[in-house]
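Student: Sharing a structure, written as structure tokens. Questions coming.
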Amino acid sequence: MIQNFFFPNAIANIRGGDEAPNLSGQIKFYQKKNCVLIEANVNGLPTNDTGFFGFHIHEGDNCTGTGFSNTKTHYNPTMVPHPSHAGDLPPLMLCNKNAYLSVATDRFRVSDIIGRTVVIHDMADDFTSQPAGNAGTKIACGVITRR
């Protein structure tokens, strides 16, 4: 079978909440043979003290609830400590209110995350605090859908 390198297998359209109403973007997921390529393109990020924003896949299946509370916790099917959750991703780095990230992971397959949520937090993940890295308030969310 020929892999399609140009069209994502899944996407999440990101929207900001009350904390970041101008935030928007799209996260694309490409299933490759042994890994998933994730491409994030986000606009309208607010400023913070570090210029980094926590970026995770969460267990929840929708972006409702006060402060995106229905996104629940990080996607962690193997029940390992943070930052080894399948849903722990590298932080987004601010550049003139925007962020772009491309990263590959072998912690999950695209089929595992369909219907889950992608969350952006207002602070950097510290990669130490349990259970989820102390990345602060959830400021944006999108549901991962199959393409």
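Student: May I ask you to evaluate 6.51 cos²θ - 1.76 cosθ + 1.60, the Karplus curve with θ = phi - 60°, for each residue of the range 30-37 and list the ³J(HN,Hα) values in order in whole Hz, giving x for glycine and proline?
Tutor: With coefficients 6.51, -1.76 and 1.60, one gets 10, 7, 10, 3, 10, 7, 10, 8 Hz.
Student: Then there is this: Mind listing the long-range amide H neighbours of Lys32? Cut-off is under 5 Å, sequence gap 5 or more, other chains count too, H placed in the peptide plane at 1.01 Å from N.
Tutor: Residues meeting the criterion, in which the H sits 1.01 Å from N, are Leu37.
Student: Tell me, what % of the accessible area of the range 10-147 is carbon and sulfur with a 1.4 angstrom probe?
Tutor: That share works out to 50 percent.
Student: A further question follows. What number does the range 57-130 give for Rg over Rh if you use C-alpha atoms and the Kirkwood radius?
Tutor: 0.95
Student: Nothing charged except the Cβ atoms of Lys and Arg (+1) and of Asp and Glu (-1): what's the magnitude of the dipole of the range 14-94 about its Cα centre? Round to the nearest 20 debye.
Tutor: It works out to roughly 360 debye.
Student: Okay, moving on. Using a 7 Å offset from the Cα along the Cα-to-Cβ direction at both Phe127 and Thr64, what is the distance between the two label points in nm, to one decimal?
Tutor: Reported label-point gap for Phe127 and Thr64 is 3.7 nm.
Student: Give me the 1.4 Å probe accessible area per residue for the chain, excluding ligands and nucleic acids, in Å².
Tutor: Ligands and nucleic acids excluded, the figure is 53 Å² per residue.
Student: Would you mind pulling out the separation of the Cα centroids of the range 48-74 and the range 30-45, in Å?
Tutor: The two parts, judged by their Cα centres, are 17 Å apart.
The values are calculated or read from the model by the stated rules, or taken from the named source; none is laboratory data. Computed from a predicted structure; not experimentally measured. Reconstructed Cβ throughout: ideal geometry from the backbone, glycine too, with neighbour counts over all protein chains shown. Protein only, heavy atoms only, side chains kept; ligands, DNA and RNA dropped before computing areas. Shrake-Rupley method; radii C 1.70, N 1.55, O 1.52, S 1.80 Å.
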